[in-house]
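The values are calculated or read from the model by the stated rules, or taken from the named source; none is laboratory data. What you see is a predicted model, and the numbers here were worked out from it, not measured in a lab. Heads up, the Cβs are rebuilt from the backbone with ideal geometry, glycines too, and the neighbour counts pull from every protein chain shown.
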Amino acid sequence: MAELMAKDIMNKNVITINKDASVEELSSLLLEHRISGVPVLDDDGNMVGIVTEGDLIVTDADLQYPRYFKLLDSIIYLESLSKFKKNLKKHLATKVEEIMSEEVVAVSEDTPINEIANTMTSNNINRVPVTDDNNNLVGIITRADIIKSMDTER
């Protein structure tokens, strides 16, 4: 039996959201379609990021100020100040662009399923967009799709 590729199991009807959509629109979209994340597109249809319900949770969580202590009139932070700034930005966000992850892990249509599974596991992600040779979004694969493919291989 031939090895399955991304194009064999991907969902071609990809639900996406525009980078200028509101956080409320994103919440409604995820709830309406019972999904946990979507690729983010710009006005030209190019994929510019990915956003998940985890990003939404940060906007609704209590903001934790970094702990610090004073030493000789200097402030020493015990936690990452950059992480606090990133969370603050997400906490105040009103648009998808402000909470999305810009570094998207994507695969090509010809990527073998076992490689996709390894990519998901090593990057601790639940979905990967699938792109064609011109880097256009053509599908998406979730962990559930990987599991379903295991059943069809038997």
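Values computed for the structure shown
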| quantity | calculated |
| --- | --- |
| Residue count for the range 1-21, restricted to those that are at pLDDT below 90 and either touching a His at 6+ places or on another chain (Cβ under 8 Å) or not hydrophobic (A, V, I, L, M, F, W, C) (or both) | 1 |
| Whichever residue in the range 1-52 is small (Gly, Ala, Ser), surrounded by fewer than 18 Cβ atoms within 10 Å (Cβ to Cβ) and not in a loop (DSSP other than H, G, I, E, B) and, among such residues, is nearest to the chain's Cα centre (by Cα) | 27 |
| Scan of the range 22-72 for residues that are at pLDDT below 65, of a type in the set (S, T, N, Q) and over 26 Å from residue 143 (Cα atoms), ordered by number | 64 |
| Positions within the range 115-154 being of a type in the set (D, E, K, R), closer than 21 Å to residue 2 by Cβ and in contact (Cβ under 8 Å) with a residue 60 or more places away in the chain, in sequence order | 145, 148, 153 |
| Meets criteria (out of contact with any Lys or Arg (no Cβ under 9 Å at 6 or more places or on another chain), surrounded by 14 or more Cβ atoms within 10 Å (Cβ to Cβ) and modelled with pLDDT of 95 or more) for residue 116 | yes |
| Residues of the range 1-29 that turn out to be aliphatic (A, V, I, L, M) and touching an Asp or Glu at 6+ places or on another chain (Cβ under 6 Å), as a count | 3 |
| Search result, residues across the range 133-145 that are part of a helix (DSSP H, G or I) and surrounded by fewer than 18 Cβ atoms within 10 Å (Cβ to Cβ) | 143, 144 |
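Here's the yes/no breakdown for (1) charged (D, E, K, R); (2) at pLDDT below 95:
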| site | (1), (2) |
| --- | --- |
| 82 | no, yes |
| 86 | yes, yes |
| 89 | yes, yes |
| 104 | no, yes |
| 126 | no, yes |
| 130 | no, no |
| 153 | yes, yes |
